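For reference, the structure discussed in these notes is given below.
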Amino acid sequence: MSTFQAPKGTYDLIPPESAKYLAVREAIAAPLRNSGYGYIETPGFENVELFARGVGESTDIVTKEMYAFETKGGSKLALRPEGTASVLRAALEANLHKLGNLPVKLWYSGSYYRYERPQKGRYRHFSQVGAEAIGAEDPALDAELIILADQAYRSLGLRNFRIILNSLGDKECRPVYREALQNFLRGLDLDEETLRRADINPLRVLDDKRPDIQKQLTDAPLLRDYLCDACKAYHEEVRELITAAGVVFEDDPKLVRGLDYYTRTTFEFVHDGLGSQSAVGGGGRYDGLSEMIGGPALPSVGWALGVDRTVLALEAEGVELELPASTSVFAVPLSEEARRVLFTKVTELRKLGIAADFSYGSKGLKGAMKNANRSGARYTVIAGERDLAEGVVQLKDMESGDQTAVGVNEIVAELESKLG
Ligand code: AMP
């Protein structure tokens, strides 16, 4: 062990487990790539104001969890705590919304940072794959995203997740509800901080997980009863479209989520095998965000799925991903000349797309065969002076243990046809 360890709340992805993370990222991205979403990458940090304005001044993410810092040049930046604000910022900056092809559909994959109290499933550095569809108000778009997330989880073999759905209303009906909720909250026995939150963003109080607060909220007015006709019709259409796609969901009138920018459709994917950190992903519509960060009106919808928690969910369900063997052929040279010959063969195999590795360093046969075993290779190619003198190499089938001599000039074609 070195003097240093990974910082608190972080962990390293190390082979062979790291392959699972890659597979999860790819599985989430595949349905997006297949549905018109283009890949976008933005910096790991942004102007801190973007998140303050976008995510919301009163959210835990901004007030407590952001890694904000000032650079030597005096810029106030923050490590990104989430993806949506950055992606929208980048799309506006590149004028993607002006290219006349709305919605702009983008997907991303990367690291996010929140200064949270670490526990299982909650880290200070975590990874998400996300999707945003910018610039269209269409229930089919909300439905598309929910369906694609469902498809991604199912393609991984996950079964015990639930989709929770709600509508948060829009700028017509939410203010009316907000006031009704505020009046209700003012009559409760709440601590000072919660009262302040009730003033700034009363919907967030519904999200409070403390049992004594939840108990008092039983009779809280529900947004569902305040939705305007347009929001009701929109939500009904989303529900119908995802139902028609065979996607099962639950209505949860209290789902609000921890970010201020959401409007109308809001959803979360939860997994029951994860304990308290049960949300594996979440998202929703954010029709006002673009204007909040200085852009034009661009109704949009998106989600982000957590890679770390998806891996935990797979483990909780005992799902073993079918990962391609990292090495198919392992080469073991037993002489100087064999090193040169087999190294060339390994390079040829790799060019053909066959995963091949080589016994490096000066090891004896025993050590080299141990490496071959550990590599998981299906075949090992062994060659010594005597073999080469006869113009052959030894091909060992690692499953049956059978070993046969194959001509030096035939070995690549032979392996290609065997592994074909
Ligand atoms: P949020 O932006 O909070 O809705 O997060 C979206 C998803 O990212 C969550 O459902 C989690 O899967 C994941 N996530 C958020 N925060 C963390 C964290 N601190 N550690 C691990 N995963 C997280």
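The values are calculated or read from the model by the stated rules, or taken from the named source; none is laboratory data. A quick note: this is a predicted structure, and the numbers were derived from the prediction, not measured. Neighbour counts are summed over all protein chains in view; Cβ atoms, including those assigned to glycine, are modelled from backbone coordinates with ideal geometry. Heavy atoms of the whole protein, side chains included, go into the accessibility calculation; ligands, DNA and RNA do not. Shrake-Rupley method; radii C 1.70, N 1.55, O 1.52, S 1.80 Å.
Assign one of three labels to the range 136-189, namely rounded, prolate or oblate, based on the Cα gyration tensor with a ≥ b ≥ c the square roots of its eigenvalues; rounded applies when a/c is under 1.5, prolate when it is not and a/b is larger than b/c, and oblate otherwise.
Note, shape of the range 136-189 comes out oblate.
Each residue was assigned an accessible area with a 1.4 Å probe, and for Phe343 the value is about 90 Å².
With the other protein chains left in place, how much accessible area per residue, in square angstrom, belongs to the range 329-419 at a 1.4 angstrom probe? Present the calculation step by step, with values, prior to reporting the outcome.
Values: 5100 Å² over 91 residues.
So the range 329-419 comes to 56 Å² accessible per residue, rounded to a whole number.
Taking the Cα centre as origin and putting +1 on Lys and Arg beta-carbons and -1 on Asp and Glu beta-carbons, what dipole magnitude results for the range 329-419, to the nearest 20 debye? List each step's numbers first, then the result.
Working: 13 positive and 13 negative charges, 91 e Å.
Using only the charged Cβ atoms, the result is roughly 440 debye.
Above 15 Å, the calculated P(r) of the range 312-359 contains 56 percent of its Cα-Cα pairs.
Specify whether the C-alpha gyration tensor of the range 329-419 places it in the rounded, prolate or oblate class, a ≥ b ≥ c being the square roots of the eigenvalues: rounded for a/c under 1.5, otherwise prolate if a/b is larger than b/c and oblate if not. Judged from the Cα gyration tensor, the range 329-419 comes out rounded (a/c under 1.5).
What FRET efficiency, computed as 1/(1 + (r/R0)^6) with R0 = 22 Å and r the Cβ-Cβ distance, is obtained for Lys366 and Ala413, rounded to the nearest 0.05? Can you show the working numbers first?
On the way: r = 30 Å, r/R0 = 1.35.
The value I calculate is 0.15.
Kirkwood hydrodynamic radius (Cα pairs, Å) of the range 89-209? Please report the intermediate quantities before stating the final value.
Working: mean 1/r = 0.0543 Å⁻¹.
By the Kirkwood definition, the hydrodynamic radius is 18.4 Å.
Which one, Phe343, Gly391, Ile411, projects farthest toward the positive side of the charge dipole computed for the range 329-419 from Cβ point charges (K/R +1, D/E -1)? Working it through, the farthest residue towards the positive pole turns out to be Phe343. Annotation: for a label point projected 7 angstrom from Cα along Cα→Cβ of Arg374, residues of the range 307-333 with backbone N closer than 19 Å are 325-333.
The order of the peptides 130-143, 226-239 by mean Cβ neighbours within 10 Å, most packed first, is 130-143, 226-239.
At a Cβ-Cβ separation cutoff of 4.7 angstrom, cysteine residues of the chain with no neighbouring cysteine are Cys231.
First check a/c for the range 71-116, with a ≥ b ≥ c the square roots of the eigenvalues of its C-alpha gyration tensor; if it is under 1.5, answer rounded, and if not, answer prolate when a/b is larger than b/c or oblate otherwise.
Working: a/c = 3.99, a/b = 1.67, b/c = 2.38.
Taking the square roots of the gyration eigenvalues as a ≥ b ≥ c, the range 71-116 is oblate.
Computed from the alpha carbon positions, the gyration tensor of the range 252-385 leads to an equivalent ellipsoid with semi-axes of 54, 20, 10 Å, biggest first.
Working from label points 7 Å from Cα in the Cα-to-Cβ sense, the Gln403 to Glu315 distance is 3.9 nm.
Inter-part distance, the range 138-171 to the range 329-399, computed on C-alpha centroids, equals 48 Å. Across the chain, how large is the tail of the calculated P(r) beyond 38 Å, expressed as a percent of all Cα pairs? The proportion of pairs with Cα distances above 38 Å equals 37 percent.
Given R₀ = 60 Å, FRET efficiency for Glu336-Glu240 by Cβ-Cβ distance, to 0.05? Let's see the in-between values first.
Working: r = 72 Å, r/R0 = 1.20.
That gives a FRET efficiency of 0.25.
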